[in-house]
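Student: One structure coming up, written as C-alpha cells, with questions to follow.
Please treat every number below as a calculation from the coordinates, not as lab data. Keep in mind that what you see is a predicted model, and the values were worked out from it rather than measured. We place every Cβ from the backbone using ideal geometry, glycine too, and count neighbours over all the protein chains shown.
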Amino acid sequence: MSISLLVNGMAHTVDVEPDTPLLWIVRDTLKLTGTKYGCGIGQCGACTVLIDGRATRSCSITASAAAGKSVTTIEGLSAEGTHPVQLAWIEFDVPQCPS
C-alpha cells in the first residue's frame, strides 16, 4: 500500500503495510538513523520523533496513523546541526551509530 508521509519537511511516498511502525520507515526506508530502536514498546524514548509538534514514540505509531501529519526527526530540527537538542547530542556524546 502506498502511504504519503511528510518527514522533515519533505514529502515521501512509501510502499509498506499500513501497520508498519513509523520507526522502520524512518530508519530503513528514509535512512534517517538518528531515530533509534531501543525497547520496541515505547518506554525508553530512543525512537522519539515529533508528530505535528508533539513527542511521539515512532515504534508505537503505524505508518497509516502518521500519514498526513508532519514528522520531524533529530535530523530535521536544523539542517546545520545548530538546534539546541542537536548540540546537546554532540556535547553529551549521544550514540549516533547507523544501526
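Student: Considering every pair of different Cα atoms, what Kirkwood radius, in Å, is found for the chain?
Tutor: On the way: mean 1/r = 0.0737 Å⁻¹.
Evaluated on the chain, it is 13.6 Å.
Student: Sticking with this structure for a sec: At 0.36 nm per residue, minus the direct Cα-Cα distance, what do T82 and T33 gain on full extension? Give it in nm, one decimal, please.
Tutor: Gain on extension, T82 to T33, equals 15.9 nm.
Student: Select from T62, T33, L23 the residue farthest towards the positive end of the dipole of the chain; place +1 on Cβ of Lys and Arg, -1 on Cβ of Asp and Glu, and compute about the Cα centre.
Tutor: T62
Student: Moving on. Report ³J(HN,Hα) in whole Hz for each residue of segment 61-70, in order, from the Karplus equation J = 6.51 cos²θ - 1.76 cosθ + 1.60 where θ = phi - 60°; Gly and Pro get x.
Tutor: These are the phi-based 3J(HN,Hα) values: 10, 7, 4, 5, 6, 8, 4, x, 10, 8 Hz.
Student: Per 0.36 nm of contour for each residue apart, how much would the distance between A55 and L6 grow if the chain were fully extended, relative to their Cα-Cα spacing? Intermediate values should be presented prior to the final figure.
Tutor: Working: separation 49, 0.36 × 49 = 17.64 nm, distance 1.57 nm.
Roughly 16.1 nm would be gained on extension.
Student: Residue-wise, which Karplus ³J(HN,Hα) couplings in Hz belong to segment 21-36, taking 6.51 cos²θ - 1.76 cosθ + 1.60, θ = phi - 60°, and x for glycine or proline?
Tutor: Running phi through 6.51 cos²θ - 1.76 cosθ + 1.60 with θ = phi - 60° gives x, 4, 3, 6, 5, 4, 7, 7, 8, 8, 6, 9, 8, x, 7, 9 Hz.
Student: Per DSSP H run of n ≥ 4, the term is -39500 (n - 2.57); total these for the chain, divide by its residue number, and report the mean residue ellipticity at 222 nm rounded to 500 deg cm²/dmol. It would help to have the intermediate numbers written out before the result.
Tutor: Numbers: 2 runs with 12 residues, N = 99.
Helix-only estimate at 222 nm: -2500 deg cm²/dmol.
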